[in-house]
Amino acid sequence: MNAATQEIVKQEDGWNELWRREIHPWDKGTPSPALIEVIEKKPISAQIPKSGNVLVPGCGRGVDVFYLGNEHRKAYGLDISPIAVQQCKDIRTEKGISESVAEFIVGDFFKFDTPAGGFQLVYDYTFFCAIPPTLRADWGRRMSEIIPKDGILITLMFPIGTHTDGPPFAVSVDHYHSFLDANFDCLLVDDCSSFEARQGKEKIGVWRRK
């Protein structure tokens, strides 16, 4: 994000204002190659739950929700922006996809009501880096609350770096270990395929709830 966009985010209802202005540079319109690899191609794919509930926090227009949801695995997209969520619902209607496959919720990640049994799979990409770093410990605790034992968390870590402005705020592998190791076993941290502009700035992580 450029400085002007970052200033909008700092305003009350800033994320929704970006969607109203159609400013969403993080939205690539397709699932990341790294997600496709970990779901379909890497050996770790055997560890990814094939059924149950899936959550994509900060889902934007829902491309990852539509990719992860199917007749066996219900995907939930959560976003704080009502405009983004309405766009998701409109796209779902256009695609003829059932609510039993993809459901969208306007809400706060730290407070929203979770479905019975929690989430067997959570995918975090451009959400961890979007929240203020002061909330990262709360992010880790919340993940431990909504993911039951043996559930899986996929973290596509972006943007790896040391810059101090944001969002997106800089992340590192150590950051994720700091906030997850108490409640999750790390199954994988690896280099991954990326969108061209993000090459060299991402790693994929897979974590199992203890």
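Annotation: lysines with alpha-carbon distance below 20 angstrom to residue 203 (same-chain offsets under eight excluded): 28, 41, 42.
Within the assembled protein chains, the solvent-accessible surface assigned to residue 145 is about 130 Å², based on a 1.4 Å probe.
Here the Karplus relation 6.51 cos²θ - 1.76 cosθ + 1.60, evaluated at θ = phi - 60°, turns the backbone of region 105-116 into coupling constants of 10, 8, x, 9, 3, 7, 10, 5, 7, 8, x, 4 Hz, with x for every Gly and Pro.
A crude spin-label estimate for the pair residue 20 and residue 100, with each label 7 Å from Cα along the Cβ direction, gives 3.8 nm. For the pair residue 201 and residue 141, the difference between a 0.36 nm per residue extended length and the Cα-Cα distance amounts to 19.1 nm. The residues packed around residue 150, meaning those with a beta-carbon under 14 Å from its beta-carbon, carry a net charge of +4 if Lys and Arg are +1 and Asp and Glu are -1.
Based on Cα contacts under 8 Å between residues 6+ apart, the chain shows a relative contact order of 19 percent. Length available on full extension from residue 72 to residue 181: 0.36 nm per residue minus the Cα-Cα distance, which gives 36.3 nm. Grab the other residues whose beta carbon is less than 14 angstrom from that of residue 31, score K and R as +1, D and E as -1, and report the net. Neighbourhood net charge equals -2. Mind running the shape call on the chain? Use the C-alpha gyration tensor, a ≥ b ≥ c as the square roots of the eigenvalues: rounded below 1.5 for a/c, prolate if a/b tops b/c, oblate otherwise. Rounded shape, in that the Cα axes give a/c under 1.5. Counting only protein heavy atoms and a 1.4 Å probe, the chain has 47 square angstrom of accessible area per residue. Considering only 178, 162, 152, and ranking their Cα positions along the charge dipole of region 150-201 that arises from unit charges at the beta-carbon of Lys, Arg, Asp and Glu, the one farthest toward the positive end is 162.
Hey, any idea what % of region 13-92's accessible area is carbon plus sulfur with a 1.4 Å probe? C and S atoms contribute 48 percent here.
Count the net charge of all other residues whose Cβ sits under 10 Å from the Cβ of residue 208, scoring Lys and Arg as +1 and Asp and Glu as -1. Net charge in that neighbourhood comes out at +1.
Once you order the gyration tensor axes a ≥ b ≥ c over the Cα atoms, which shape class does region 131-170 get: rounded for a/c under 1.5, otherwise prolate or oblate by comparing a/b with b/c? Judged from the Cα gyration tensor, region 131-170 comes out oblate (a/c at least 1.5, b/c at or above a/b). In order along region 46-51, phi translates into HN-Hα couplings of 5, 8, 7, x, 9, 8 Hz, rounded to whole numbers, per the Karplus curve 6.51 cos²θ - 1.76 cosθ + 1.60 with θ = phi - 60° and x for Gly and Pro. Calculated [222 nm] ellipticity per residue, helices only, for the chain: -7500 deg cm²/dmol; basis is -39500 (n - 2.57) per DSSP H run with n ≥ 4, divided by all residues, nearest 500.
For the chain, the dipole from Cβ point charges (+1 on Lys and Arg, -1 on Asp and Glu) about the Cα centre works out to 420 debye, to the nearest 20.
For region 1-120, the gyration tensor built on C-alpha atoms gives a prolate shape. Its axis ratio a/c (a ≥ b ≥ c) is at least 1.5, and a/b is the larger of a/b and b/c.
Efficiency by 1/(1 + (r/R0)^6): what FRET value for residue 160 and residue 41, r their Cβ-Cβ distance, R0 = 25 Å, to the nearest 0.05?
On the way: r = 22 Å, r/R0 = 0.87.
E(calc), rounded to 0.05, equals 0.70.
Centroid-to-centroid, using Cα positions, region 12-49 and region 72-125 are 13 Å apart.
The values are calculated or read from the model by the stated rules, or taken from the named source; none is laboratory data. Everything quoted here is computed from the prediction, not taken from an experiment. Ideal geometry is used to build each Cβ from the backbone, glycine not excepted, and the neighbour counts take in all protein chains shown. Protein only, heavy atoms only, side chains kept; ligands, DNA and RNA dropped before computing areas. Shrake-Rupley method; radii C 1.70, N 1.55, O 1.52, S 1.80 Å.
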